[in-house]
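Peer 1: I'd like to ask you about the structure that follows.
The values are calculated or read from the model by the stated rules, or taken from the named source; none is laboratory data. Predicted model, so just to flag it, every value in this text is computed and none were measured. Here the Cβ is made from the backbone with ideal geometry for all residues, glycine too, and neighbour counts use every protein chain on show. Accessible surface areas use protein heavy atoms only, side chains included; no ligands, DNA or RNA. Shrake-Rupley method; radii C 1.70, N 1.55, O 1.52, S 1.80 Å.
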Amino acid sequence: MNTVATQHQRVLSGMRPTGKLHLGHYHGVLKNWLKLQHEYECFFFVADWHALTTEYESPQGISDSTWEMVVDWLAAGVNSGSAKLFIQSMVPEHAELHLLLSMSTPLSWLERVPSYKDQQEKLREKDLATYGFLGYPLLQSADILIYKAGQVPVGEDQVVHVELTREIARRFNHLYGREAGFEEKAEAAVKKMGKKNEKLYKELRNKFQEQGDHSALETARALLNDQKNISLGDKERLFGFLEGGGKIIFPEPQALLTKAAKMPGLDGQKMSKSYGNTITLREDPDVIEQKIRKMPTDPARVRLDDPGEPDKCPVWEFHQVYSDDKTQAWVQEGCRQAKIGCLDCKQPVITAIVNETLPIRERAQEYLEDPNIVRNIINEGCEAARDIARDTLEEVRQLMGLNYK
Ligand code: TRP
Ligand code: SF4
């Protein structure tokens with residue numbers, strides 16, 4: 001079913017194929033996905049077209065990076081039984097919706113997305129004054145809207161893109177959600193809910209429209225979701241009628257911000273491939289040990305009996321992610337009173353990361369030995385995605401006058 005009512009529950013997120021994922025991705029995004037996959041209908045995809053918007057001059061690595069990343073997702077515990085996994089370019093319907101949405105998207109909306117100018121500045125060696133790069137956020141909107149997703153788990157930097165998507169949805173609903181006789185149809189639909197619910201719906205609608213009471217809106221939506229006696233078309237009308245607009249074709253998605261622990265890199269900056277300060281999800285235990293042992297510490301601790309200050313040390317940031325209160329107290333005291341050496345201090349972090357990544361390395365083994373398992377998972381995910389994407393496009397084509405059936 002691809003109606004607004006069920007869509008409020010659907011979760012969608014995408015990641016650019018960056019190759020091997022690291023602990024920053026795990027703590028920042030993946031752990032959130034792992035939780036969501038048990039609570040909602042989830043679709044997670046590899047945004048390979050998005051990668052092309054910046055890598056079009058040397059696209060050779062994209063497909064390898066895609067498979068590496070999917071193996072990491074699965075190894076981290078993303079469950080293909082609960083969540084659908086797919087690759088963007090294997091669901092070309094995204095491109096058609098992108099094109100159709102582009103007709104009514106003001107150029108200025110795209111030009112003012114901050115990443116447009118920022119990334120051009122940052123990636124000066126690439127020519128990003130392209131049509132594809134400007135359209136990147138609209139492609140992201142198409143990714144989200146084609147599934148009518150209600151919730152989009154993303155990092156901070158992507159929130160503006162979800163906000164743009166809300167504007168795109170609103171504009172589309174405004175342009176194409178007005179059918180002839182909408183008000184009358186909506187009034188007739190309200191009556192079908194039965195006297196008691198009709199009264200309640202009207203009260204809640206007034207409260208929202210006259211007083212801007214958002215909790216009334218939420219309650220009314222829940223009421224609509226529970227209705228068994230009205231058709232899906234009527235339900236969508238009534239969702240739109242609630243907010244004073246026409247029929248809602250695209251619900252406005254919410255960004256689900258990850259409240260993740262901030263994952264520092266080995267040098268205390270944010271963990272990121274471009275800083276070369278990462279530990280990958282499937283890193284070899286010996287390499288984990290070497291990398292942590294080489295981490296810089298508070299420069300005041302030249303000799304064992306020089307006291308230090310954990311707040312000036314990136315290792316302490318790792319303890320905040322990985323260590324219990326007792327170990328943290330041991331670090332604080334041992335460091336400030338020069339009772340422990342830095343290598344002693346690093347040991348619990350090494351152990352914690354080796355243990356955390358052990359099941360990930362183990363699970364990855366199965367997929368590395370038989371890549372067909374991964375391909376099958378992706379094929380299944382693509383099919384499920386296309387089923388929904390096709391339905392949405394059918395509806396959109398009709399609304400935009402491309403009705404040849
Ligand atoms: N732009 C996102 C990034 O760079 C990836 C992405 C593409 C995405 N389409 C999306 C994320 C849709 C969420 C929803 O990380
Ligand atoms: Fe950093 Fe620990 Fe050394 Fe203190 S003892 S400087 S917290 S590694």
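Peer 1: What is the extension gain from residue 333 to residue 167, computed as 0.36 nm multiplied by their sequence separation minus the C-alpha to C-alpha distance, in nm to one decimal? Intermediate values should be presented prior to the final figure.
Peer 2: Details: separation 166, 0.36 × 166 = 59.76 nm, distance 5.23 nm.
Extra length available between residue 333 and residue 167 comes to 54.5 nm.
Peer 1: Next question. If packing is taken as the average number of other Cβ atoms within 10 Å across a peptide's residues, how do 15-21, 265-271 rank, most packed first?
Peer 2: Numbers: 15-21: 20.0, 265-271: 17.0.
Per-residue Cβ counts within 10 Å, averaged per peptide and sorted highest first, yield 15-21, 265-271.
Peer 1: For segment 182-242, which whole-number percentage of the solvent-accessible area (1.4 Å probe, protein heavy atoms only) is attributable to carbon and sulfur atoms?
Peer 2: Values: 1740 of 3490 Å².
Here it works out to 50 percent.
Peer 1: Right, next: Can you work out ³J(HN,Hα) from phi for every residue in segment 289-306, in order, using Karplus 6.51 cos²θ - 1.76 cosθ + 1.60 and θ = phi - 60°, giving whole Hz and x for Gly and Pro?
Peer 2: For segment 289-306, the Karplus curve yields 4, 4, 4, 6, 4, 7, 4, x, 10, 4, x, 5, 8, 7, 10, 4, 8, 7 Hz.
Peer 1: If you don't mind, another one. What are the residues whose amide H is under 5 Å from the amide H of residue 83, where those residues sit 5 or more places off or on another chain and H is modelled from the backbone?
Peer 2: Those qualifying (amide H under 5 Å, at least 5 residues apart or on another chain) number zero.
Peer 1: Looking at 388, 350, 404, which one has the Cα that reaches farthest to the positive end of the dipole of segment 350-405 (charges on Cβ: Lys, Arg +1; Asp, Glu -1)?
Peer 2: Working it through, the farthest residue towards the positive pole turns out to be 404.
Peer 1: Using θ = phi - 60° and the Karplus curve 6.51 cos²θ - 1.76 cosθ + 1.60, what whole-Hz ³J(HN,Hα) does each residue of segment 90-107 get, with Gly and Pro shown as x?
Peer 2: 3J(HN,Hα) across segment 90-107, in whole Hz: 7, 10, x, 3, 4, 5, 5, 5, 4, 4, 5, 5, 5, 4, 10, 8, x, 4.
Peer 1: Averaging over all projection directions, find the projected area of the Cα convex hull of the chain and quote it in nm² with one decimal place. Show your work: numbers first, answer last.
Peer 2: On the way: hull surface 97.4 nm².
One quarter of the hull surface, i.e. the mean projection, equals 24.3 nm².
Peer 1: Which links in 20/148; 20/346; 84/270; 148/199; 84/326; 185/207 stretch past 32 Å when you go from one Cα to the other? Let's see the in-between values first.
Peer 2: Values: 20/148 30 Å; 20/346 25 Å; 84/270 30 Å; 148/199 29 Å; 84/326 40 Å; 185/207 21 Å.
The pairs that break the limit, which is 32 Å between Cα atoms, are 84/326.
Peer 1: How much net charge surrounds residue 174 when only the other residues with a Cβ under 14 Å from the Cβ of residue 174 are counted, with Lys and Arg +1 and Asp and Glu -1?
Peer 2: On the way: positive: 166, 170, 171, 178, 247; negative: 167, 179, 243, 252.
Neighbourhood net charge equals +1.
Peer 1: Could you give the distance between the Cα centres of segment 309-345 and segment 228-306, to the whole Å?
Peer 2: That distance is 25 Å.
Peer 1: Have a look at 66, 82, 181 and report the one farthest towards the positive end of the charge dipole of the chain, computed about the Cα centre with Cβ charges (Lys/Arg +1, Asp/Glu -1).
Peer 2: My answer, from the dipole projection, is 181.
Peer 1: Using the heavy atoms of the protein chains alone and a 1.4 angstrom probe, what is the accessible area of the chain per residue in square angstrom?
Peer 2: So the chain comes to 49 Å² accessible per residue, rounded to a whole number.
Peer 1: In deg cm²/dmol, rounded to 500, what helix-only [θ] at 222 nm does the chain give when every DSSP H run of at least 4 residues adds -39500 (n - 2.57) and the total is split over its residues? Could the numbers behind the result be given before it?
Peer 2: Working: 18 runs with 231 residues, N = 405.
Roughly -18000 deg cm²/dmol at 222 nm, from the helical runs in the chain.
Peer 1: So, one more: Whole-Hz ³J(HN,Hα) for each residue in segment 352-363, computed from phi via Karplus 6.51 cos²θ - 1.76 cosθ + 1.60 with θ = phi - 60°, x for glycine and proline: what do you get?
Peer 2: Listing the rounded values in order: 5, 6, 4, 5, 5, 8, 4, x, 5, 4, 5, 5 Hz.
Peer 1: Counting only C-alpha contacts under 8 Å and six or more residues apart, can you give the relative contact order of the chain as a whole percent?
Peer 2: Numbers: 566 pairs, mean separation 93.7, N = 405.
The value is 23 percent.
Peer 1: Counting DSSP beta bridges with both partners in the chain, what percentage is antiparallel, nearest 5? Please report the intermediate quantities before stating the final value.
Peer 2: Values: 2 of 17 bridges.
Taking every DSSP beta bridge within the chain, about 10 percent pair in antiparallel fashion.
Peer 1: Check which residues have an amide H placed less than 5 Å from residue 270's amide H, if you skip close sequence neighbours.
Peer 2: Here the answer is 265, since their amide H atoms fall under 5 Å of that of residue 270.
Peer 1: In whole Å, how far is the Cα centre of segment 91-162 from that of segment 4-65?
Peer 2: With segment 91-162 and segment 4-65 each reduced to a Cα centre, they are spaced 15 Å.
Peer 1: Can you list residues from other chains, or at least 5 along the same chain, whose modelled amide H is less than 5 Å from the amide H of residue 177?
Peer 2: Hits under the 5 Å cutoff: none.
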